[in-house]
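The values are calculated or read from the model by the stated rules, or taken from the named source; none is laboratory data. Everything numeric in this text was worked out from a predicted model, so none of it was measured. Because the Cβ atoms are built from the backbone with ideal geometry, glycine has one as well, and the counts that use them run over all protein chains shown. The area values use the complete protein model at the heavy-atom level, side chains included, leaving out ligands, DNA and RNA. Shrake-Rupley method; radii C 1.70, N 1.55, O 1.52, S 1.80 Å.
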Amino acid sequence: MKYEPVIGLEVHAQLLTESKIFCGCSTQFGRGPNDNACPVCAGFPGVLPVLNKKVVELAIKTGLATGSEIRPSSILARKNYFYPDLPKGYQISQYELPICVNGAVEIEIDGSRKRIRLTRIHMEEDAGKNIHDAHGDASLVDLNRAGVPLLEIVSEPDIRTAAEAGAYLRTLRAILQYLGVCDGNMEEGSFRCDANVSVRPAGSDVFGTKVEIKNLNSFKAVERAIEFEIERQTEALAENTTIAQETRLWDENREETRPMRSKESAHDYRYFPDPDLLPLVIDRAWIAEIRTTLPELPSARKARFMTEYALPDYEAELLTSRKDIADYFESAMRVHANPKGLANWIVGDLFRIVKERKLDEQFYIAAWPVASHSLAEMVRLIDQGKISGRIGKTVFEAMLDSGKTPEQIVREKGLEQVSDAGSIEVAVEHVIAANAKQVAQFQSGNEKVFGFLVGQIMKATQGKANPQKVNEILHAKLRSRG
Ligand SMILES: [Zn+2]
């Protein structure tokens, strides 16, 4: 029997607001425990929440960017559960009437496109954090996170593989980053994902028992956990074992999921409209106004990079998958308009160094030491023939560690390309005289030796000779002797 996995993802994205969703406390990360807490987010009796307008604006922005319907009126509801990181005993969220419904995110996988539908996008507050085992028998409670605004973005179960899940998350994160809605930092927890996974016999239209996986802190964790779960459930089905509806935790070290608790159903939470907050009624004119502020989104920017700059699919994709990198490329283009050259240095060398230095998913161009205009000036030096492409690599690495401009580095290190025929001729003569055996081999028809001789000349000129001139002069000299 063949089986088919069915996957839906729930993403929690922390919104880039200055203050929390229902009070004036700061949302700043990394402050001392409970520095960002007040009676409202600490859940004291008698306090009143006031909805932060910016949160609504960012939710609408996300809804518009994903083609969702923006509900003219929606409700903030209490989701009741007791846990010490949530002093009120309930979380303010949205249930029956979320702010956005019926959107979609289009992903690209192995060259083909697929639409992943969005069930809903709703606003809610984050809970605080408990730390156990750090202070003897006592548990510590930090409420800095309580009341931090989140968007919960829920997909339909349209995803079929771990790779599709990864592509969906990367695309969604790029959209949120482009919108300036969320910084997408998975390590700090501002972009989190839970995965709902079930498996059913291929061709069936009934869903299998759903398992929710939590504690997924990286794209890699999401993909691995889904793969593990698909395998585990497929084996269980094949052996006719019952699959429990439960929440499981991903254990990064052991690379497996294990049971955490049996899954609550919606009715366990006793949702009801929060009596402290009026229904949220949104003015159509405000939605129209927000629509005018939408930036160019990743897929549109990629298409433009392919037509405007004649870049191939692969390079356009890599450059636009992150807004900061696409911006970096375009600001370099304003200094020196060689799209292919700049794209090669970014996609090739910059990405390689980011990987080598293990900056990967936490890498931001703001922390990159080479300014866009310096990269552009270096490519210009190459295009003007002032340095060779090979010397460019040396200049690139030197810029990285010194912060100097390419001109400075070329001048200080004496890296300028030698193009004048006189000095190249001297080097060519010298190499010919020193390699009589190879010269004879070339003249008796062994063309391959030519490359060796060029290499010797480049070595003698410390890589600074213009390679094209070296080729011409060497050819002419050898021909005149032959
Ligand atoms: Zn507060």
Given (1) away from the ligand (no atom under 16 Å from the Cβ); (2) over 24 Å from M260 (Cβ atoms); (3) open to solvent by less than 60 Å² (accessible area, probe 1.4 Å), P149 misses just (1)
Among the residues of region 18-55, the number that are in a loop (DSSP other than H, G, I, E, B), more than 13 Å from the ligand (Cβ to nearest atom) and on the phi < 0 side of the Ramachandran plot is 5
- Query: Before we move on, is V141 within 16 Å of the ligand (Cβ to nearest atom), in contact (Cβ under 8 Å) with a residue 24 or more places away in the chain, among the β-branched types (V, I, T) and open to solvent by 10 Å² or more (accessible area, probe 1.4 Å)?
  - Reply: yes
Of the candidates L64, L58, the one satisfying the condition of being away from the ligand (no atom under 15 Å from the Cβ) and either in contact with a Pro (Cβ under 9 Å, 6 or more places away or on another chain) or without any contact (Cβ under 8 Å) to a residue 12 or more places away in the chain (or both) is L58
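For region 97-107, indicate whether the set of residues that are of a type in the set (D, E) and more than 16 Å from the ligand (Cβ to nearest atom) is non-empty.
Initially, region 97-107 is screened for residues of a type in the set (D, E), giving 106.
Subset that is more than 16 Å from the ligand (Cβ to nearest atom): 106.
Yes, region 97-107 has at least one match.
Of the residues that sit in region 444-481 and are more than 53 Å from the chain's Cα centre (by Cα) and open to solvent by 80 Å² or more (accessible area, probe 1.4 Å), which one is nearest to G389 (Cα to Cα)? Give the steps one after another, and end with the answer.
Within region 444-481, the subset more than 53 Å from the chain's Cα centre (by Cα) is 444-445, 477-481.
From what is left, the residues that are open to solvent by 80 Å² or more (accessible area, probe 1.4 Å) are 444, 479-481.
On the way: S444: 32, R479: 28, S480: 30, R481: 31 Å.
Per the criteria, the residue is R479.
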Given the conditions (1) of a type in the set (V, I, T); (2) within 16 Å of the ligand (Cβ to nearest atom); (3) closer than 24 Å to S262 by Cα, every one holds for V154 apart from (2)
Residues of region 263-300 being loosely packed, with under 11 Cβ neighbours inside 10 Å and among the polar types (S, T, N, Q), in sequence order, are S265, T292
It is to be established whether one or more residues within region 340-348 are part of a helix (DSSP H, G or I) and in contact with a Ser or Thr (Cβ under 7 Å, 6 or more places away or on another chain). no
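Taking only region 227-250 into account, find how many residues are part of a helix (DSSP H, G or I) and more than 24 Å from C193 (Cβ to Cβ).
Of region 227-250, the ones part of a helix (DSSP H, G or I) are 227-238.
Among the residues that remain, those that are also more than 24 Å from C193 (Cβ to Cβ) are: 235, 237-238.
Going through region 227-250 one residue at a time, the tally reaches 3.
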Verdict on A77 being under 29 Å from the mean Cα position of the chain (by Cα), away from the ligand (no atom under 14 Å from the Cβ) and in contact (Cβ under 8 Å) with a residue 40 or more places away in the chain:
no
Reported set for region 310-330 where residues are of a type outside the set (D, E, K, R) and open to solvent by 30 Å² or more (accessible area, probe 1.4 Å) is A310, P312, Y314, L318, S321
**Request:** Please indicate, with yes or no, whether at least one residue in region 363-376 is open to solvent by 30 Å² or more (accessible area, probe 1.4 Å), at pLDDT below 90, aliphatic (A, V, I, L, M) and not in a helix (DSSP H, G or I).
**Result:** no
Within region 50-63, residues closer than 20 Å to H12 by Cβ and open to solvent by 20 Å² or more (accessible area, probe 1.4 Å) come out as L51, N52, K54, E57, K61
Flagged pairs (Cβ under 7 angstrom, 6 or more apart or on separate chains; first in region 289-300, under 10 Å from L64 (Cα atoms); second assigned to a helix (DSSP H, G or I) and of a type in the set (D, E, K, R)) are I290/E57; I290/K61; L294/K61
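Scan region 207-217 residue by residue and report those that are part of a loop (DSSP other than H, G, I, E, B) and modelled with pLDDT under 90.
Step one: of region 207-217, the residues part of a loop (DSSP other than H, G, I, E, B) are 207-210, 217.
Within region 207-217, just N217 meets the criteria.
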Checked A104, A77 against criteria (of a type in the set (G, A, S) and either at pLDDT below 95 or within 26 Å of S198 (Cα to Cα) (or both)); the one match is A104
Would you confirm, using the coordinates I've provided, whether L16 is touching a residue at least 60 places away in the same chain (Cβ under 8 Å) and over 29 Å from N215 (Cβ atoms)?
no
- Query: Does L15 satisfy the criteria of being of a type outside the set (K, R) and more than 16 Å from the ligand (Cβ to nearest atom)?
  - Reply: no
Quick count over region 9-25, residues being open to solvent by 10 Å² or more (accessible area, probe 1.4 Å) and within 24 Å of A195 (Cβ to Cβ), is 3
By residue number, the members of region 399-414 that are touching a Lys or Arg at 6+ places or on another chain (Cβ under 9 Å) and open to solvent by less than 20 Å² (accessible area, probe 1.4 Å) are P406, V410
